[in-house]
Amino acid sequence: MTVKAILDAKGRNVVTIGPDRRLAEAAQLLSERGIGAVVVTEPDGRIAGILSERDIVRVIGRDGADMLEQPVSAVMTAKVRRCHEQNTVNEVMQIMTEGRFRHLPVEENGKIAGIISIGDVVKKRIEEVEREAEDIRSYIATA
């Protein structure tokens with residue numbers, strides 16, 4: 001199972017925000033869309049960073065609510081790990097586990113092509129395991 005299969009099933013829509021927007025705007029966007037992270041993009045579509053709910057909570061807890069007036073670029077993670085459509089579910093699980101993050105942008109040709117969450121990855125992995133178990137049950141039943 002590949003990242004492409006996940007994106008084909010869930011869609012390729014990605015919520016993005018510019019690096020110069022206020023942190024308060026990003027928090028509102030996350031809340032309105034019911035998502036845990038937003039990809040920060042340059043006007044040409046290149047990935048500039050990623051901003052998660054955790055990032056916002058951490059900075060407010062450390063520096064206070066005045067941080068909500070700061071630009072997203074002041075808080076975002078600029079060194080973003082990315083994956084590609086040909087990456088497998090197992091490869092992506094390893095990247096997410098090692099990096100301890102829950103969202104991974106998908107990049108193709110230098111531009112954002114989608115985003116996958118740990119929930120997307122776990123769901124696909126469970127589907128694989130269930131399919132394998134059913135295949136084994138069918139094999140045993142016909143043997």
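No lab work stands behind these numbers, since they all come straight from the coordinates. Just so you know, these numbers come straight off a predicted model, no measurement behind them. Methodologically, a virtual Cβ is constructed for each residue, glycine included, from the backbone with ideal geometry; neighbour enumeration extends over all protein chains shown.
A few points about this structure:
- Once the Cα-Cα distance is subtracted from the 0.36 nm per residue extended length, the E69 to D44 segment shows a gain of 6.5 nm.
- Relative contact order, percent, the chain [alpha-carbon distance under 8 Å, six or more residues apart]: 27 percent
- Packing here is the average count of other Cβ atoms within 10 Å per residue, and on that basis the peptides 122-130, 69-77, highest first, run 69-77, 122-130.
- Of N13, N87, N109, the residue with the greatest mean-square motion in the GNM of the chain, using alpha carbon springs below 10 Å, is N109.
- Neighbour-count order for T88, T2, fewest beta carbons within 10 angstrom listed first: T88, T2
- 0 to 90° range, to nearest 10: angle between helix 89-99 axis and the chain longest Cα axis: 40 degrees
- Cβ-based net charge around I47, under 10 Å, with every Lys or Arg adding one and every Asp or Glu removing one: +1
- Restricting attention to the chain, close to 80% of DSSP beta bridges with both partner residues there are antiparallel.
- Among residues other than G36 with Cβ under 10 Å from its Cβ, the summed charge is +2 (Lys and Arg +1, Asp and Glu -1).
- Whichever lysines have a C-alpha closer than 17 Å to that of K79, once near sequence neighbours (fewer than 8 apart) are set aside: K111
- On Cα atoms only, tilt of 23-33 relative to the major axis of the chain in degrees: 30 degrees
- Charged neighbours of I116, selected by a Cβ distance under 14 Å, balance to +3 (K, R count +1; D, E count -1).
- Once the convex hull of all Cα atoms in the range 3-142 is built, its volume per residue stands at 120 Å³.
- Spin-label model, R82 to Q28: label points 7 Å out along the Cα-to-beta-carbon direction sit 3.0 nm apart.
- 0 to 90° range, to nearest 10: angle between helix 118-142 axis and the chain longest Cα axis: 0 degrees
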